Amino acid sequence: MNIVLIGMRGSGKTTVGSILARKLGRELVEMDELIAQMAGMSIPEIVVKHSWAKFRDIEAELTPAISRRNNAIISAGGGVVTRENNIKELKKSGVLVWLNASVNSLLERIGQDPGRPPFVNGRSQRDDMALTLAEREPLYQQAADFIVDTEHKTPEAVAEEIIGFLQEEATDG
């Protein structure tokens, strides 16, 4: 069974995923890295040269292959939940864990990221993050098998909470 980490950029998917991979002896799969490799360019380049829609199309093409992996920790892209089929594919072989965080925490964690694709309609980073989170929150909620509130928790504590959930599930099921 895969452990699929979902959540906004800055929620801790990569950091927590690395800790889980180390503690559980599993491979960490970074969906965004695989998309960049597949496209032959960085995510900001994909968005600037093509569009967010093109990025999401590549993500949707790649999701079934990623979901066929076994016993991996998968750090999904923040917007993977925007396409229902992505969630269906990821749920076939894994448990989805939403790393939830407030806009303030997300912004604090990512800082002013120069690698971030440009904002649309001239919105500030805060406004863009708040709007995106508001749009995605119900999707994360619906997709998640387990939700971890990451506020005021170390990545290590978040990883331990996920491991605890998995152990409970194993004994209950």
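Taking a point 7 Å out from the Cα of residue 152 in the direction of its Cβ, the residues of the range 12-29 whose backbone N falls within less than 20 Å of it are 12. Among 150, 15, the order by Cβ neighbours within 10 angstrom, fewest to most, reads 15, 150.
By other beta-carbon atoms within 10 Å, ranking 152, 50 with the fewest at the front produces 152, 50.
Remark: the residue 24-residue 123 segment gains 31.6 nm on full extension, using 0.36 nm per residue and subtracting the alpha carbon distance.
Ordered by the count of other Cβ atoms within 10 Å of each Cβ, fewest first, 172, 145 give 172, 145. Think of it as helices only: each DSSP H run of n ≥ 4 in the chain is worth -39500 (n - 2.57), and spread over all residues that comes to -17500 deg cm²/dmol at 222 nm.
Considering only alpha-carbon pairs that sit under 8 angstrom and 6 or more positions apart, the relative contact order computed for the range 2-172 is 34 percent. Rounded to the nearest 20, the size of the Cβ-charge dipole of the range 2-172 about its Cα centre is 440 debye, with Lys and Arg at +1 and Asp and Glu at -1. Each label point was placed 7 Å from the Cα along the Cα-to-Cβ direction; for residue 37 and residue 110 their separation is 2.3 nm. With a Cα cut-off of under 25 Å and a minimum spacing of 8 residues unless on different chains, the lysine pairs in the chain number 12.
In terms of its C-alpha gyration tensor, the range 1-116 has an oblate overall shape, because the principal axis ratio a/c (a ≥ b ≥ c, square roots of the eigenvalues) is not below 1.5 and a/b does not outweigh b/c. Please identify the longest segment of the chain free of exposed GluC sites (Glu not before Pro), where exposed means a DSSP state other than H, G, I, E or B and no more than 15 other Cβ atoms within 10 Å. Result for the longest clean stretch: 28-150.
Values in this text are rule-based calculations from the coordinates and carry no lab data. None of these values were measured; they are calculated from a predicted model. Positions of Cβ are generated from backbone atoms using ideal geometry, with glycine treated the same way; all protein chains shown enter the neighbour counts.
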